[in-house]
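What follows is one structure encoded as structure tokens, with my remarks underneath.
Read-outs: derived from the displayed coordinates by stated rules, not from any lab. What you are looking at is a predicted structure, and each value in this text was computed from that prediction instead of being measured. As a convention, Cβ positions derive from the backbone with ideal geometry for all residues, glycine included, and neighbour counts pool all protein chains shown.
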């Protein structure tokens, strides 16, 4: 399902901060739901520096790959050309990996769209451009639970089990008390969307049975404007 960049960037323009939820988690209320961010909703300076370094490494790797073939006095003998091809392939993969990382960004966000019934995981870079990573429909979610990590400094994870195969994805990491608040809110949203609507009552329909042979079918009397909703039937005459 396509999600436009303008809709995802709406968090920055019109989102209202509900407050810090602990461990760098901030909730922004939006017109379509709410967004859970880290570090008050923006990439930190350290993440911005990492993105700049990744972009520089990508440019340098591309330059080195081109230099293997374009520099003057380049050697193209049969003994060296295989080594150049292997180095070019390695440098090209490194350049693509670091360039994609810098373009995607290092800041991860979780968006709860109560209008569309979706949980979205997006990445945001230092220019506030977002890239969609995962979309999970509310009807695909099997359970939402907290999981304590085995690592001593990894905190508690808020996980979602979804899909037919029961895949598990970690939405957030942080303190258990704060993640439990998010867990309650998410469960309330899931119940509201998944609760079945009460079907409207159907009107009573009259069924006209075929009359006996030789007996004329019953005629319906005309309804006057004063007698709304009442229907009178002429009884059958037996001959």
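Rg/Rh for region 46-104 stands at 1.12; both radii use Cα atoms, and Rh follows the Kirkwood definition. What number, in percent, do you get for the relative contact order of region 46-104 if the mean sequence gap of Cα pairs under 8 Å and at least 6 apart is divided by its residue count? Relative contact order for region 46-104 comes out at 58 percent. By the count of neighbouring beta-carbon atoms within 10 Å, fewest first, 62, 138, 76, 145 end up ordered 76, 145, 62, 138. What is the list of residues in region 149-172 whose amide nitrogen lies under 16 Å from a point 7 angstrom out from the Cα of residue 180, following Cα to Cβ? Within reach of a label on residue 180: 149, 156-159. The ranking of 184, 164 from fewest to most other beta carbons within 10 Å of each one's beta carbon is 164, 184. Ordering 60, 37, 172 from the fewest to the most neighbouring beta carbons within 10 Å gives 60, 172, 37.
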